[in-house]
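What follows draws every value from the coordinates through simple rules; no lab data is involved. Note that the coordinates shown come from a computational prediction; the quantities given were computed from them, not determined experimentally. Using ideal geometry, Cβ is built from the backbone for each residue, glycine included, and neighbour counts are taken over all protein chains shown.
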Amino acid sequence: MHSTISVRNLSKIYDGGFQALKNINLEIQRGEIFALLGPNGAGKTTLISIVCGLVNPGEGQVLADGHDIITDFRAARAKIGLVPQELTTDSFETVWNTIGFSRGLFGKPANPAHLEAVLRELSLWDKRNTRIMKLSGGMKRRVMIAKALAHEPQILFLDEPTAGVDVELRRDMWEMVRRLRASGVTIILTTHYIEEAEEMADRIGVIHKGEIVVVEDKSALMKKLGKKQLTLQLQSPMTTIPPELADYPLELSADGNQLVYTFDTQGDRTGIAGLLRRLSDHGIDFKDLNTSESSLEEIFVNLVRSRT
Amino acid sequence: MNLYGIRAIYLYEMHRAWRTLMQSLATPVISTSLYFVVFGAAIGSRMAQVEGVSYGAFIIPGLVMLALLTESVSNASFGIYMPRYNGTIYEVLSAPVSFVEILIGYVGAAASKSIVLGFVILLTARLFVDYEIQHPVWMVGFLVLTALTFSLFGFVIGIWADTWEKLQVVPILVVTPLAFLGGSFYSISILPPLWQKITLFNPVVYLISGFRWSFYGISDVSPMISLGMTLVFMLMCLAAISWIFRTGYRLKS
C-alpha cells in the first residue's frame, strides 16, 4: 500500500531547548485510520503541527502524498485538512462564511454544492446563517470539522476530535470518520479516549517522550502485547496460594476469594486445563470462572510505564 | 500563486470591516469632521492664510493623512492580531498560501479600507471648505503609498504585539503624536530653526508635505524627497516583515 504520510528521521528541539521529537520514522498508509496515542507532552501535537505547517521542523523530512512539506508546501498542504484540539473560530462570522473562507484559503474555487453537502453531513445546514458565537460547544466542534473538509482534503488530521463532547456527538463523529474513510480519506487522529482508538483505528502508534514506541495493526497489537486472565471465584477463601500451585502464575485477591491466572494468548497451550485438574486434585473448589482480555488502554499504560 | 487564497483573506477582512461599519468608517469620519468644524470653521476663520491657502483648506491634507495613518496601522495590526489572539491563525498557517500571499491579503485589505476612508474624508471636507487638487495623480499616488506603507507598519505591530495593550500603544503613543507634530495643522516653516531640523526626523512630515503639495503646490520639503522618504519607510517595513516570515517570529515555533 502507498504511504500517504512519510515521516523520516524527524526531530524537533524548541527554542528553550526542549526536545519534543526524537528521530521519528512513521509511514501512514493511504485510506487507513491511524490513531496516535501518547500521554500529555509526548509529542503528538508537535508531530501533527509540523506535518500541517504550524511548527517549523528541525531535522528530517516529511512527505504528504509524496510532496515535501517544506520545498513543495503548496501541493502538500492542499491535500491536508486539520481539526485542531482547541475550538478556535471567528465567533462573529456565520457558519457559511467561515467555511467558504476555508475553501478559498486552500486555493479552491467556490463550490456551494460541496459546502452544502458538508454542512448537511454534519447536521449544520440549518445553522448556516448563524453566527458561530451562538452555537453550542458540540456545534462549534462540527464547524471545525466542516472547515477542515471544505477544501476536500485527502488526508484529515483530527487532534483530540471528541474531547469534551457528549456521547451522542462522539458516536456521530465516529460514524462520520468511517464514512470519510470509506470515501478514500486517510484519517490520523490523536485521542485521550483509548476506547476511541480501539473502536475506530486500523493501526495504532504510541508516542512517548518524543519517540515512537510502537506502530502496529490494532488487532496485532492487542494480540501481541495483550494478555488474557482467568478469574476463579473460590468456594472458600484462601490466605495464601498453596505451594502445589507454585508453578502457575497465580495471584490471590486481597479478600482471598479470587484466584487470577494470567496466560499467554500466543502460546500453544494456555495451561487452563492443567490448572483446573491441579485445583481439583488438591480439593480447591470454585463456584464461578470467567476470562478477560487486556484492553488497549491496559496495553498503552503498560507500554508507557515500561518506558518511564 | 494562490489567488483564491489571497482573495479569501482579502474578502474576509473587507467583510469584517463591513460588519463593523460604525467603527471602520463612521467613527473616523465623525472625528475628522469635528476637526474641520473646530479648526477649519471656528478657529480657522480667524486665522491668516498659509502661503495663500485658507487655513481650513490648508489642514485638509494633514487631516486626511492623520486618519489614513492611524486607520492603516489600526486596520492592519488588528487584522493579523485577531487571528493570533483567537487561534484561527492555525488555518492560515496550515493552508497552501505563501507568506507573501498572506501579506497581500491582509495588508491589501487594510490599505483598501484606509484608501476608501481617505476619499470619504475628502468628500466630507467638501461640506466644510472649498479646496483644489492641483496634482490629482500624485494625490492618489501619495494616498495609496501611505496607506500601503502604514498598513505594512501595522502588520508588523500586529505580529509583534502579544497583548491588547501593546496593540494600542504604538498607534496612540507613536503614530498619533507624530502625525500631530508632522505638520497636520501647521507648516513647519513657522517653527524655530532648531525645531525645524528636529522635525525632519519625523517621517510623517514628508508624507503630509508631499500630500499637501499635490493639493496646493506648496510643501515644506521637496515632493521628490517626500516620495523617497515614504519609499524608504516602506522598504524598512518590508525588511522587518521579511525577517518575521523568515524566522517565523511570533507565528511559528
Assigning unit charges at the beta carbon (Lys, Arg +1; Asp, Glu -1) and nothing else, what dipole magnitude in debye, to the nearest 20, does the stretch A:226-294 show about its Cα centre? 100 debye
List A:Lys79, B:Lys166 from most exposed to least, where exposure is judged by having the fewest other Cβ atoms within 10 Å. B:Lys166, A:Lys79
Pairs of Cα atoms under 8 Å, at least six residues apart: use those to get the relative contact order of chain A, whole percent. 19 percent
Among A:Pro112, A:Ile145, A:Thr239, pick out the residue whose Cα is farthest towards the positive end of the charge dipole of chain A, where Lys and Arg carry +1 and Asp and Glu carry -1 on C-beta, about the Cα centre. A:Pro112
At the level of C-alpha centres, the distance separating the stretch B:119-167 and the stretch A:227-268, in angstrom, is 82 Å
Using label points projected 7 Å from each Cα along Cα→Cβ, tell me how many nm separate B:Met236 and B:Gln134, to one decimal. 2.9 nm
Per the charge dipole of the stretch A:226-294 (beta-carbon charges, Lys/Arg positive, Asp/Glu negative, Cα centre), the residue among A:His282, A:Phe263, A:Pro249 reaching farthest to the positive end is A:Phe263
Compute the normalised compactness of the stretch B:13-81: alpha-carbon radius of gyration over 2.2 N^0.38 Å, N being the residue count. 1.37
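Mind checking the dipole of the stretch B:80-185: about its Cα centre, +1 per Lys or Arg Cβ, -1 per Asp or Glu Cβ, Debye to the nearest 20?
Magnitude of the dipole: close to 60 debye.
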Sort B:Thr124, A:Thr239 by Cβ crowding within 10 Å, fewest neighbours at the top. A:Thr239, B:Thr124
Rounded to whole angstrom, the alpha-carbon centroid of the stretch A:83-97 lies from that of the stretch B:39-61 at a distance of 50 Å
In vacuo Debye scattering of the protein assembly as shown, one point per C-alpha: log10 I(q)/I(0) at q = 0.06, 0.08 Å⁻¹? -0.45, -0.68
Give a quick list of GluC sites (Glu not before Pro) in the stretch A:1-83 that DSSP marks as loop, anything other than H, G, I, E or B, with at most 13 other Cβ atoms within 10 Å. A:Glu59
Which net charge results when you count Lys and Arg as +1 and Asp and Glu as -1 among the other residues whose beta-carbon is under 14 Å from that of B:Ile218? -2
In the structure displayed, which of A:Lys108/A:Lys140; A:Lys228/A:Lys287; A:Lys22/B:Lys252; A:Lys79/B:Lys113; A:Lys22/A:Lys228; A:Lys127/B:Lys252 lie more than 27 Å apart, Cα to Cα? A:Lys79/B:Lys113; A:Lys22/A:Lys228; A:Lys127/B:Lys252
Any idea what the dipole of the stretch A:160-278 comes to, in debye rounded to 20, about its Cα centre with Lys/Arg Cβ at +1 and Asp/Glu Cβ at -1? 380 debye
Which whole-number percentage describes the relative contact order of chain B, with Cα contacts under 8 Å and a sequence gap of 6 or more? 25 percent
The stretch B:1-149 - convex hull of the alpha-carbon atoms, volume per residue in Å³: 110 Å³
Please give the net charge around B:Val204, taking every other residue with its beta carbon less than 15 angstrom from that of B:Val204, where Lys and Arg add +1 and Asp and Glu add -1. -1
Distance from the stretch B:99-118 to the stretch A:159-210 (C-alpha centre basis), Å: 40 Å
Choose one answer from A:Ile284, A:Ile207, A:Ile145: the residue with the largest mean-square fluctuation in a GNM of chain A with alpha-carbon springs under 10 Å. A:Ile284
What is the ratio of the Cα radius of gyration of the stretch A:1-103 to 2.2 N^0.38 Å, with N the residue count, to two decimals? 1.18
Final fewest-first order of B:Ser98, B:Ser112, B:Ser242 on the 10 Å Cβ neighbour count is B:Ser242, B:Ser98, B:Ser112
Just add up the charged neighbours of A:Gly58: K/R +1, D/E -1, any other residue whose Cβ is under 13 Å from the Cβ of A:Gly58. +2
